[in-house]
Structures are given as structure tokens and as C-alpha cells.
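Below is one structure, written out as C-alpha cells; the observations come after it.
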Amino acid sequence: MRLHRSADGRQWLGDVACSLPLPLPSEAVNAIVLQHAAGSGLDGLLSECARVLMPGGRLWLTALNRYSPYRVRWQWQDARPASLAHCRLRLRRDGLQVSARTHFGPLWHESGATGGKALPGLRAVSVIEFEKRTRALIGPEAVRAGGWRAPVAT
């Protein structure tokens, strides 16, 4: 299912037209990909993603790297990327934990574009993978050897 925001930002359009909360049951989705989610109004969407994601499910969040020198290419287009630190804190409250973080795009070098030490943290796009983890209930106690008094099956 693909969704994108309407021009006024009040509704989600795409395969389904809806508003938050999403018309999906809780813990029904195994994987979610959020690509370049805008920073405004993201808290509600992240909470909904955490709600519909099943235990063990994964969420991939891609965002423009706010610290990349490449931001001058998209900044003039009024792009306002989400704060990844804020997203991590928000999703951690909802039971999701970071399982991987990577950066994509051209490498920026500390001595310019041609040489020097490569700085992968300054690539244009950041991708964070989250996993929904839940606490398991305590299982039944193990039966000690010879603990059964009657046969299990007759």
C-alpha cells in the first residue's frame, strides 16, 4: 500500500484515501518503509506505524541527512527533513529499537571532493532500520523428571 500526503496535509492519498488513524488493525503489518517523511506532523504517523507493525516487524525510515553538505542542493526547495534523533526517541517510546543505520549517496571528503579521508556520516541520505520488540510472557515451569503421577496419554 502506498500513501502520500495531500496538498493541504490533512489526508493521506494513494491506494487508500484516509486520515490518521490508519484503517489497519493493530499488529497487522510486517514491514513499513517511510521515504523522506516530512518533519511536520510526523509524530502521529510514527505512532500509527508502531501500532500497526507486528512484533518482530521492521520499519525503514529514509530521510535527507541534515548534516550533509549536499543539503544546499535541496534546501532551496523548502525541504524540511525529519530530525532522525527525534524519530528515534519517538519510536523507542513505542517499543521500536534501532537495529541498523546506514548512509547513502556520494561520499564527502574532509579536504574537498577529490581527496582526503571519506566521511560516510556526511552522505546525502540516512536510512535507519527499526525493529518492533515486545516483552515475552514468562513461560510455564519445566516439569521435573518423575513429576508426572499419571500417564500423559491412555
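Tabulated data for the structure shown
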item	result
List 62, 102, ordered by accessible area with a 1.4 Å probe, largest first	102, 62
Highest to lowest packing among 25-35, 46-56, scored as the average C-beta count within 10 Å	46-56, 25-35
Long-range amide H partners of residue 27 with built H, under 5 Å	52, 53
Long-range HN-HN contacts of residue 65 with modeled amide H, under 5 Å	125, 126
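The values are calculated or read from the model by the stated rules, or taken from the named source; none is laboratory data. From a predicted model like this one, the values you see are computed outputs, not experimental measurements. Note that we place each Cβ from the backbone using ideal geometry, even for glycine, and neighbour counts take in every protein chain shown. Note: accessible area is taken over every heavy atom of the protein model, side chains too, but ligands, DNA and RNA are not part of it. Shrake-Rupley method; radii C 1.70, N 1.55, O 1.52, S 1.80 Å.
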